[in-house]
Amino acid sequence: MLKGFFGAAKQAKRDDAELGKGVWRRAHDRFRRGLDRFHQMLEGLAETEPVAGQQAQATENYEAMVVLADELADLLPVVREIAAEAQKIAPSDGMEIPLGTGGYLNDVHRELSRAGNSLAAAAEALALVRLGVGEVSGVVLKAGIVGQHVALANDLLHKTSSTGG
């Protein structure tokens, strides 16, 4: 227990150093919470008893969602990198998005926020699949939107910061 406590404390200090305590940290943490929620719903899907005669479809759906969960998890280091780089460019310890030339940091933050919100929507869609009232295609669609927002945030940050602001 103590090892877990100290590990969490060290991670919090590392997060503070890399991400600050402002908008970039909150955008990263929102994404991480959405990812945690997606994985919770995936665990619930694994525990759900399939309808008689639909075992093969349930297994196929679960396997597809595992692949999707892995793809979403692969985005977390990218989100962290974007947030950390944005923190270096324009440190934030409050609720205000730091100003950048042309307002591009506003756009970067907006896309990170949208990625986190879209991830929460994907988790919600997975919950509906788990309850038997949603479609796997809806989860796939929402997860694709998450990736688009992360890619756009990355492009906005690097295109603008590499041209001098």
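The values are calculated or read from the model by the stated rules, or taken from the named source; none is laboratory data. All values reported here derive from a predicted model rather than from experimental measurement. Heads up, the Cβs are rebuilt from the backbone with ideal geometry, glycines too, and the neighbour counts pull from every protein chain shown. SASA here: full protein model, heavy atoms, side chains in, ligands and nucleic acids out. Shrake-Rupley method; radii C 1.70, N 1.55, O 1.52, S 1.80 Å.
Between Asn117, Asn106, which is among the polar types (S, T, N, Q), open to solvent by 30 Å² or more (accessible area, probe 1.4 Å) and either free of Cβ contacts under 8 Å to residues at least 12 places away in the same chain or in contact with a Cys (Cβ under 7 Å, 6 or more places away or on another chain) (or both)? From the options Asn117, Asn106, the qualifying one is Asn106.
Results for (1) of a type outside the set (Val, Ile, Thr); (2) open to solvent by 40 Å² or more (accessible area, probe 1.4 Å); (3) over 17 Å from the mean Cα position of the chain (by Cα), shown as yes or no for each residue.
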{"residue": "Glu63", "(1), (2), (3)": "yes, yes, yes"}
{"residue": "Val66", "(1), (2), (3)": "no, yes, no"}
{"residue": "Asp70", "(1), (2), (3)": "yes, yes, no"}
{"residue": "Pro77", "(1), (2), (3)": "yes, yes, no"}
{"residue": "Glu81", "(1), (2), (3)": "yes, yes, no"}
{"residue": "Ala86", "(1), (2), (3)": "yes, no, no"}
{"residue": "Met95", "(1), (2), (3)": "yes, yes, yes"}
{"residue": "Pro98", "(1), (2), (3)": "yes, no, yes"}
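Of everything in the stretch 120-157 that is surrounded by fewer than 16 Cβ atoms within 10 Å (Cβ to Cβ) and among the small types (Gly, Ala, Ser), the residue that is farthest from Arg80 (Cα to Cα) is Gly132. Condition check: open to solvent by less than 70 Å² (accessible area, probe 1.4 Å) and part of a helix (DSSP H, G or I). Does Ala56 satisfy that? Spelling it out, it is not the case that Ala56 is open to solvent by less than 70 Å² (accessible area, probe 1.4 Å) and part of a helix (DSSP H, G or I).
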